[in-house]
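Undergrad: Can you keep this structure in mind? I'll have questions shortly.
The values are calculated or read from the model by the stated rules, or taken from the named source; none is laboratory data. Keep in mind that this is a model prediction, so the values were computed, not measured. Cβ placement follows ideal geometry from the backbone for every residue including glycine, while neighbour counts extend to all protein chains displayed.
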Amino acid sequence: MSVGKVIVGLVAMVYLVILLNIIFYMVQMETGLAFPVWIQVVLGMCFLAISVSNLKAKHYIFGSLFASAVILIGASVVVTYVFG
């Protein structure tokens with residue numbers, strides 16, 4: 001295994017832990033992002049379109065980053081509806 005793959009894997013794991021921590025914090029505090037739900041839905045759809053476009057163009061890093069933004073916004077919408 002090369003050093004580059006180890007670093008990329010480590011960075012991906014740290015990013016995943018941070019993302020899960022943010023989602024856990026939203027659920028624990030019973031608050032979503034500080035935007036109205038309709039703006040979150042529009043942002044989620046935009047991020048989803050950009051993510052799919054990047055993944056089709058084989059830009060996997062940017063595609064996965066935007067996909068994680070879709071997950072974060074989706075979690076925020078769910079938390080807003082459940083607790084708001």
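Undergrad: Quick one: Val17 ticks every box in (1) surrounded by 11 or more Cβ atoms within 10 Å (Cβ to Cβ); (2) modelled with pLDDT of 95 or more bar one, so which box is it?
TA: Condition (1) is where Val17 drops out.
Undergrad: Would you confirm whether or not region 36-59 contains a residue that is among the charged types (D, E, K, R) and under 22 Å from Thr80 (Cα atoms)?
TA: Looking through region 36-59, none of the residues is among the charged types (D, E, K, R) and under 22 Å from Thr80 (Cα atoms).
Undergrad: While we're on this one: How many residues, within region 19-36, are without any contact (Cβ under 8 Å) to a residue 24 or more places away in the chain and either touching a Cys at 6+ places or on another chain (Cβ under 7 Å) or assigned to a helix (DSSP H, G or I) (or both)?
TA: Count: 6.
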